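Encoded as structure tokens, the structure appears first; notes follow it.
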Amino acid sequence: MAVSPETLPPKKKRQSDSPATSSFGSEERLLRSLLLRSKETSYMNPIPFVLNRNSNSIIRKTKLLTLLFEDLVVDRDVRPFPASAVLCFEELFIVLQSIKTLIEDCCSGSKLWLLIQQQSVANKFHELTLELSTLIDIFPVRNLNLSRDVEEIVELIRKQCSKTIASIDDKDINLRADVVQILDRIKREIVPEQSKLKEIFTKLQINNSSNCTDEIQILEEEVRNQSDEKSKAEIVSLIGLVRYAKCVLYGELLSPVNVRRRKSSSSLDITIPNDFRCPITLDLMRDPVVVSTGQTYDRASINLWIESGHTTCPKTGQTLDHTETIPNCALRNLIVMWCREHRIPFESTETKENVNGVTTNKTLIEATKMTVSFLLQKANAAQTLETANRFVSELRALAKTDSNSRACIAEADGLPLLVKYLGSEHPSLQVNAVTTILNLSILETNKTKIVETDGVLNGVIEVLRTGATWEAKGNAAATIFSLTGVHAYRKKLGRKSRVIKGLMELAINGPINSKRDALVAILNLAGDRETVGKLLEAGVVEMASDVIDGLPEEGVTVLEAVVKKGGLAAITASFHVIRKLGIILRDGTEGAQESAAATLVNICRKGGLEMVSELAAIPGIERVIWEVMGMGTGRGRRKAATLLRILRRWAAGLYGNPTAAYVVASGSSTTTTTTTAGVVLPG
């Protein structure tokens, strides 16, 4: 690993919490601000894990400054200070603020990154000490009528600052060398000594799995703050090291009680607003973008959809005019605010790509391979299901992090191990196994391995049908959805009656989240005309009709897809849902209204007079259609206008009646009714 430059690399600066020097207003306020800042800094603890002597030294100097400012505040002379003293005080405030910020950043930042950058940070401490020394040298002691004791304090500060040199403890230098050596060994595909790794992490006070998780999150944040590409690459290497250490050093320390506690605390029953969920994955959107149809998706999900060869909008089935996406900044800001209110860590997919996008970083890749190898060996050798569950849980978390991890798990033959646990009687182990496969399926090349590896696909389908928990069934359905992104696999899965039945049962009987998982998979399968026939045989229209009551947008979208490709059988089966679609047209969201209007157009066009009559019999339907035409989405307005034309033709006796059309065209005086369900048609 290359050594960073001696100066701190360029970094996005955080906003300072100090007031501008011109805002103090009065000399007394300036003095009190100085006293407060010096006290805050002097009460800080030195950095415990590295650069302890450097931080401790500068904190001691601020304690002496506090004595000076206390004396000035208490024995304040009514005469104004000389201009040179005021200027000196203002500069001292800036230096004290810089000291406080530097120590806070060091204590709250990444321990490993601080260790790597220790020379740069030590230089910064030295620079601040020199600034203090300069200010104390020009400090007008004789003009302030200070007591002899205070003058001696100023002289003591001057002497201490002048003696300071930029140095680092040997133990810190040696510890850094150990970390660099381990990173270089990993890069050369040499597995680190566990005892040495433990020694390093203990010295850095990274003592458990939770500390490792915190360190990883801080390092990922550090990548976002860095503008220097070389530094970003170094930090990514450190992320790989911590991930490996977390599994090797602390994975086995997770007792069953701690596993359950961690699981329950991470899956609090927080209902994510529907508008914040990606329609594809149903997960919280981190980087929402708008496609040409006006629908919003998470960037990673819609990119994967388009890269898989799809040219339609997943939610509406409408052909995309183009594949460009526009960031939905307003929605993203709302999601960020919601996450903060509920104390949910927010990390955008864009950030994740930046953190893990250094695909040429060999250290990260090799560290990931070592982590995967360790977890697979431990899971294979586990004597109990509980022990196996701990390591499969770590695999699940790793498979969620990035494409490198997903590729490494599949290449290391992780799928056969996961198959073994899909039929496990241990509910949590089954969930972790199927969810790991789901995470692996996000990577396009892994889809083929999942389908072709013996037992994987059948195992996932069996979990869908007979899984021990709704979560396991829902994640199995989500895996089916992911695989149907490939056209050939969509047809293959659509031919399996067990898949159709499993998804239908889940959509009918499962909890809300599981229903959604099943519905998006059904929606994808409905893109194939042959599969629609099987869906109709399984009662998909009746299912969608029932689901509409609780999940109107999802239910009506499935219905639209089925009616579009289902032919006369789908139209006939849809007769009894026309009134429900009318209600959605009136009360649904914009997306639901759009799908309802499109579905009604297809039903009326293909179903004939009987279907149009059923629609026209809904009280106030025309007024509802006019409202959609005025306030709906672009596609919704167009479909509503088509519906209005259909109703007008029906009201005039022309719909499906060629003779009537001939009579009117010939100038006949035949009169026709101009009302639909008691509502007078305009114009």
### Task
Filter the range 155-164 for residues that are under 14 Å from His126 (Cβ atoms) and loosely packed, with under 15 Cβ neighbours inside 10 Å and give the result.
Ser162, Lys163
### Query
Could you say which residue among Ser133, Ser98, Ser108, Ser167 is open to solvent by 70 Å² or more (accessible area, probe 1.4 Å) and among the hydroxyl-bearing types (Ser, Thr, Tyr)?
Ser108
### Query
When you look at Ser120, is it among the hydroxyl-bearing types (Ser, Thr, Tyr), farther than 19 Å from Asn225 by Cβ and in contact (Cβ under 8 Å) with a residue 40 or more places away in the chain, yes or no?
no
### Wholly enclosed helices (runs of 4 or more DSSP H) of the range 382-446 bearing at least 1 residues among the charged types (D, E, K, R) and closer than 16 Å to Gly459 by Cβ
385-399, 414-422
### Sole exception among (1) farther than 19 Å from Ala561 by Cα; (2) at pLDDT 90 or above for Leu609, by number
(2)
### Task
Please find, within the range 293-318, the residue that is most open to solvent (accessible area, probe 1.4 Å) out of those that are free of Cβ contacts under 8 Å to residues at least 40 places away in the same chain and assigned to a helix (DSSP H, G or I).
Asn303
### Query
Conditions: (1) open to solvent by 10 Å² or more (accessible area, probe 1.4 Å); (2) touching a Lys or Arg at 6+ places or on another chain (Cβ under 7 Å); (3) not aliphatic (A, V, I, L, M). Arg224 meets all but one. Number of the miss?
(2)
### Task
Take the range 181-214 and flag every residue that is closer than 17 Å to Lys111 by Cβ, surrounded by 15 or more Cβ atoms within 10 Å (Cβ to Cβ) and over 29 Å from the mean Cα position of the chain (by Cα).
Ile182, Leu197, Lys198, Ile200, Lys203
### Task
Could you grab me the full set of residues in the range 433-458 that are open to solvent by 10 Å² or more (accessible area, probe 1.4 Å) and either within 18 Å of Ile500 (Cβ to Cβ) or of a type in the set (Lys, Arg) (or both)?
Lys449, Val451, Leu457, Asn458
### Query
Given the range 146-224, what helices (runs of 4 or more DSSP H) lie entirely inside it while holding 3 or more residues that are out of contact with any Cys (no Cβ under 7 Å at 6 or more places or on another chain) and at pLDDT below 90?
148-163
### Task
Restrict the check to the range 130-141 and report whether at least one residue is assigned to a helix (DSSP H, G or I), within 49 Å of the chain's Cα centre (by Cα), closer than 30 Å to Leu197 by Cα and among the charged types (D, E, K, R).
no
### Query
What tally of residues in the range 319-374 results from selecting those that are under 30 Å from Lys187 (Cα atoms), open to solvent by less than 70 Å² (accessible area, probe 1.4 Å) and at pLDDT below 80?
9
### Tabulated pairs, the range 322-334, first more than 18 Å from Leu284 (Cα to Cα), second among the small types (Gly, Ala, Ser), C-beta under 6 angstrom, 6+ apart or interchain
His322/Ser292
### Message
Whether any residue in the range 144-151 is out of contact with any Pro (no Cβ under 9 Å at 6 or more places or on another chain), hydroxyl-bearing (Ser, Thr, Tyr), open to solvent by 10 Å² or more (accessible area, probe 1.4 Å) and without any contact (Cβ under 8 Å) to a residue 12 or more places away in the chain is what I want to check.
### Response
no
### Message
Filter the range 544-572 down to the residues that are open to solvent by 50 Å² or more (accessible area, probe 1.4 Å), among the acidic types (Asp, Glu) and in contact with a helix residue (DSSP H, G or I) (Cβ under 7 Å, 6 or more places away or on another chain) and list them by number.
### Response
Asp546
### Query
Residue check: is Arg637 over 23 Å from Leu535 (Cα atoms) and open to solvent by 30 Å² or more (accessible area, probe 1.4 Å)?
yes
## Note on the structure
Every listed condition ((1) at pLDDT below 85; (2) open to solvent by less than 40 Å² (accessible area, probe 1.4 Å); (3) not basic (Lys, Arg)) holds for Phe69 save (1)
### Residues that are aliphatic (A, V, I, L, M) and open to solvent by less than 10 Å² (accessible area, probe 1.4 Å), drawn from the range 573-610
Val577, Ile578, Leu581, Leu585, Ala592, Ala596, Ala597, Ala598, Leu600, Val601, Ile603
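The values are calculated or read from the model by the stated rules, or taken from the named source; none is laboratory data. All values reported here derive from a predicted model rather than from experimental measurement. No Cβ is skipped: glycine too gets one built from the backbone with ideal geometry, and neighbour counts run over all protein chains shown. Calculation scope for accessible area: heavy atoms of the full protein, side chains included, ligands and nucleic acids excluded. Shrake-Rupley method; radii C 1.70, N 1.55, O 1.52, S 1.80 Å.
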